[in-house]
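For reference, the structure discussed in these notes is given below.
The values are calculated or read from the model by the stated rules, or taken from the named source; none is laboratory data. Because the structure is predicted, anything quoted here is derived from the model rather than measured. Cβ coordinates were reconstructed from backbone atoms using ideal geometry, including for glycine residues, and neighbour counts include every protein chain displayed.
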Amino acid sequence: MSTAQNEARYGTVNGVDLDAVQEGVADPSQTVLSARKLIKTFGKVIGLDGVDLDLYPGEILAIIGDNGAGKSTLIKAATGALTPDSGQLYLDGREVSFKTPQDARAAGIETVYQTLAVAPALDIAANMFLGRERRRSGPLGSVFRMLDKSGMKADAGRSMANLGIATVQNMGQAVETLSGGQRQAVAVARAATFATKFVVLDEPTAALGVKETGQVLNLIQQIREKGLPVILISHNMPNVFEVADRIHIARLGGCAGVITPKSHTPTEAVAIMTGATTLQKG
Amino acid sequence: MSTTTTSAPASAAEQFAMRRQSPAQRIQHVLHAQPALSPLAVLIIAIIVFALINPRFLQPQALSILFQQVAIIAALAIGQTLIILTAGIDLSVGALTVFSMLIMASLASSGGVPGPLAILIGVLVGTLGGLLNGFLVTRINLPPFIVTLGTLSVFLAAGLLYSGGSNIQSTALPDSVNWAGTVLQFGRFRITTGVVIVALMAIVVGFALSQTKWGRHVYAVGNDIEAARLVGIRVNRVLLSVYTVAGLLYGITAWLQIGRAGSASPNALTDANLESITAVVIGGTSLFGGRGAVIGTIIGALIVYAFRLGLSLAGVDDQWRVFATGVLVIVAVGIDQWIRKVKA
């Protein structure tokens with residue numbers, strides 16, 4: 001089985017010539033996010049071994065990889081949850097460095113963690129605006145510091161509706177009363193609402209049933225429709241091949257290659273991921 | 001004669017979603033949304049029962065006593081509520097209050113410090129004590145139970161060392177220090193300025209918890225500290241503020257206690273830590289953090305003291321009051337566990 005046929009096989013995604021991209025390193029001025037030669041070690045363990053990562057405007061980039069391949073480390077390094085030992089990070093072509101996840105958020109990057117980071121006893125609207133609550137206008141807000149509860153509730157409802165989330169109607173419902181898929185939808189909607197650069201989703205379908213997985217995948221595509229690029233970390237090959245534009249394969253702290261669902265089959269992707277075959281560049 | 005609207009038949013899922021809930025489920029939902037309802041029901045039933053047993057229970061005189069008795073524990077329980085909402089616990093509440101009170105009273109009596117300044121310093125001592133608890137919880141990363149178990153002894157000993165174990169009578173204190181005992185007459189109701197201050201404390205803290213960003217962050221930290229951190233809430237700052245505000249409330253309560261008791265005694269408030277926790281728990285605030293409210297705590301404190309007064313007016317041995325309080329605590333935590341399992 002050969003995975004290294006070189007003729008114009010990747011095509012273009014959103015106007016980006018992927019064949020050119022595969023040849024070498026992209027120009028960070030074309031990308032939303034570029035990571036260059038990221039290195040992160042934990043004692044003697046090498047988490048990232050000089051990885052490059054590129055995210056283009058309007059695409060869904062999947063990151064796949066075996067356990068310990070470095071996909072979480074890569075994404076943590078790109079979103080401020082970890083500081084890489086060396087390497088560069090470019091956001092919209094400008095070099096950035098994030099010391100904390102808050103730095104990355106402030107720069108317009110939203111991450112949906114596997115744990116979802118929701119407060120179960122608080123309602124949907126409160127969770128949507130958690131950490132960025134809005135005050136009322138006028139003296140009630142400035143003097144009495146009162147929250148604009150109704151305004152936030154209305155905006156939360158609007159965000160959910162914009163993303164086509166119809167299964168949740170009452171924004172005053174406590175998150176703990178929602179199903180797993182609905183909670184995921186709340187967390188994803190929060191990220192999509194506040195992100196200005198891109199959204200990172202860490203294993204968003206891992207805990208979900210078939211129907212709810214479909215809804216979340218739909219939601220991911222909705223986010224792309226809105227023009228926000230998405231980084232999707234997933235183990236689930238059918239999901240990845242269903243929605244991703246490009247697939248970054250993490251392996252042994254590095255990158256085993258970037259493929260597309262058109263260029264390779266899931267079986268080939270797994271083979272590259274596990275090292276059964278190698279993807280030759282150029 | 002009847003008009004029937006025909007609509008598209010609901011899908012199985014929709015029909016399932018619209019299924020009638022059992023009465024128990026409905027109660028569970030209502031309590032989930034309003035956890036203070038069950039203590040309120042207990043309080044109302046207790047009042048009715050005690051009034052039937054002894055009509056004097058509802059007389060202004062008895063109710064006035066009830067409010068004056070409940071005020072101090074209610075005030076301390078407000079601070080305790082804040083801490084328990086963050087999934088913490090404060091065992092040092094009584095000791096810190098007594099420590100603040102002894103400093104306040106000795107400064108004002110033998111210390112020769114003007115009353116208002118002595119009050120201010122006493123309140124400050126309470127605040128700093130709370131800050132110390134918060135510092136140990138957030139910076140040294142010790143569990144609140146251990147921190148406050150330690151500071152319980154530290155504050156207690158410090159208070160005794162400072163006062164020499166002596167009792168300071170109100171006659172030795174300036175009017176400002178005794179002010180919280182001033183009686184306000186409303187018809188046949190006699191409440192004290194202290195009771196009014198406690199009501200104000202409840203309103204201010206209740207407002208801050210339910211209406212402000214800070215309050216929401218307190219709930220978020222208590223719900224899931226990791227999630228709160230991930231959404232960018234400065235968790236340690238919230239925790240530190242909670243312990244400090246609780247200390248401030250204890251400091252103010254120290255002043256109220258002097259007015260209430262007519263003296264500053266090192267032996268006061270020995271049961272305050274357990275009583276305040278009892279009031280919080282009976283009031284529907286979860287010991288696991290993240291759910292509850294000040295109003296529930298006030299109701300919880302009223303329940304404990306309504307039982308005390310009601311049972312004594314009924315001529316029952318005081319041990320039954322202790323017995324009933326214990327049962328209520330267990331029932332309250334049981335209800336909390338049940339409503340936490342609520343499903344949509």
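Remarks
- The number of residues in the range A:148-179 being surrounded by 15 or more Cβ atoms within 10 Å (Cβ to Cβ) and more than 19 Å from A:GLN221 (Cβ to Cβ) comes to 16.
- Selected residue (criterion: nearest to A:LEU74 (Cα to Cα)) from residues of the range A:244-282 that are in contact with a Lys or Arg (Cβ under 8 Å, 6 or more places away or on another chain) and of a type in the set (A, V, I, L, M): A:ALA250
- The residues in the range A:123-143 that are on the phi > 0 side of the Ramachandran plot and within 9 Å of another protein chain (Cβ to nearest Cβ) can be counted, and the count is 1.
- Identity of the residue in the range A:69-117, of a type in the set (S, T, N, Q) and surrounded by 16 or more Cβ atoms within 10 Å (Cβ to Cβ), that ends up nearest to the other protein chains (Cβ to nearest Cβ): A:GLN102
- None of B:LEU287, B:LEU230, B:LEU274 is within 15 Å of the chain's Cα centre (by Cα), within 14 Å of chain A (Cβ to nearest Cβ) and either on the phi < 0 side of the Ramachandran plot or not hydroxyl-bearing (Ser, Thr, Tyr) (or both) except B:LEU287.
- A:PRO120 within 14 Å of chain B (Cβ to nearest Cβ), over 19 Å from the mean Cα position of the chain (by Cα) and in contact (Cβ under 8 Å) with a residue 40 or more places away in the chain: yes
- Residue selected from the range A:44-78 under the condition assigned to a loop (DSSP other than H, G, I, E, B) and at pLDDT 90 or above, by the criterion nearest to the chain's Cα centre (by Cα): A:GLU59
- Any hit, the range B:294-314, residues being aliphatic (A, V, I, L, M), within 14 Å of chain A (Cβ to nearest Cβ) and surrounded by fewer than 18 Cβ atoms within 10 Å (Cβ to Cβ): no
- Failed item, numbered, when A:VAL210 is tested on (1) assigned by TED's automatic domain parsing to the domain that holds A:ALA62; (2) modelled with pLDDT of 90 or more: (2)
- Filter result for A:THR278 (of a type in the set (Val, Ile, Thr), under 24 Å from A:GLY47 (Cβ atoms) and loosely packed, with under 15 Cβ neighbours inside 10 Å): yes
- Among (1) at the interface with chain B (Cβ under 9 Å from one of its Cβ atoms); (2) not in a helix (DSSP H, G or I) - the single one A:THR167 does not satisfy: (1)
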